[in-house]
């Protein structure tokens, strides 16, 4: 009887340890996946913002160059969409 109880307790302990191990592994995998997705989203957002900023800077530089060439503000606005 004692031997059966010991075996039952040992099986229960093994199950509990396997459950703990599975939960820890699942959490670690979930965290890694979230980090990977978050990193990808952050890179995409940064790229989008960087491209928009670059386009804006290029338009402003073009507008300044057109102004230096003597074009009127109306012509610059027509050419670039930028209001001086």
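The values are calculated or read from the model by the stated rules, or taken from the named source; none is laboratory data. Please read all numbers here as calculations on a predicted model, not as lab measurements. When we count neighbours, we look across all protein chains shown, and the Cβ atoms used for this are built from the backbone with ideal geometry, even at glycine.
With respect to the conditions (1) modelled with pLDDT of 95 or more; (2) touching a helix residue (DSSP H, G or I) at 6+ places or on another chain (Cβ under 9 Å); (3) exposed (fewer than 10 other Cβ atoms within 10 Å of the Cβ), residue 75 lacks only one, and its number is (3).
Yes or no, residue by residue, for (1) part of a helix (DSSP H, G or I); (2) in contact (Cβ under 8 Å) with a residue 12 or more places away in the chain; (3) exposed (fewer than 10 other Cβ atoms within 10 Å of the Cβ):
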position	(1), (2), (3)
40	yes, no, no
45	yes, no, no
52	yes, no, no
55	yes, no, no
61	yes, no, no
64	yes, no, no
67	yes, yes, no
71	no, no, no
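Taking only segment 1-38 into account, find how many residues are in a helix (DSSP H, G or I) and exposed (fewer than 10 other Cβ atoms within 10 Å of the Cβ). Adding up the residues that qualify gives 4.
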